[in-house]
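Enquirer: This structure is in structure tokens; I'll ask about it shortly.
All of the numbers you see were taken from the coordinates with simple rules; none came from a lab. Predicted model only: the values in this text are computed from it and were never measured. Here Cβ is always computed from backbone atoms with ideal geometry, including for glycine, and neighbour counts include all displayed protein chains.
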């Protein structure tokens, strides 16, 4: 038995061709699809496409602020003598259920599963007191919310045309090699049968 290592596959080549063929046949059966993300069905692919488009348009300005509760309180951040006198600290709060209809179901479910200090008891709560301005702190809250959503939605990376071509070429080579081994194994079996027949004739 001989081990041959490549960039992607460790091949085990046996001295007997039929063994090598069986090995390649098993490999093709287990890993032989040249389609990426085969475990993702068509419905989920459609959902992922919808979420990808939705995320591309997501921004602090696109957030439906009428669904959020917002409030201001005294800040402990920078501000000199006015730091504890002005209500500049901004807080936004929203129930996850209230995001339905605006956020795609696929993204909302990922947000529910996200382990974050900003999410507790089905409620998102975000605060900001980095500025002395109520407006700036409120904007930062919505920006933090958008970042939280982006972090919670883990989408498979999109494949470029070059990556698709390279992957298909790799699998074409693997299938070609498997076919060659199949032919070798078939030829080897034929030679063994002919050898046995000659022995019987003798």
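Enquirer: Can you give the FRET efficiency to the nearest 0.05 for residue 134 and residue 96, using r as the Cβ-Cβ distance and R₀ = 41 Å?
Expert: Here the calculated transfer efficiency is 0.95.
Enquirer: If you count, for each residue, the other Cβ atoms within 10 Å and average over each peptide, how do 112-119, 190-197 line up from highest to lowest?
Expert: Ranked from most to least packed, the peptides come out as 112-119, 190-197.
Enquirer: Using per-residue counts of other Cβ atoms within 10 Å, averaged over each peptide, order 121-134, 41-54 from highest down.
Expert: So the order, starting with the most tightly packed, is 121-134, 41-54.
Enquirer: Considering only DSSP beta bridges whose two residues both sit in the range 42-152, what percent are antiparallel, to the nearest 5?
Expert: 95 percent
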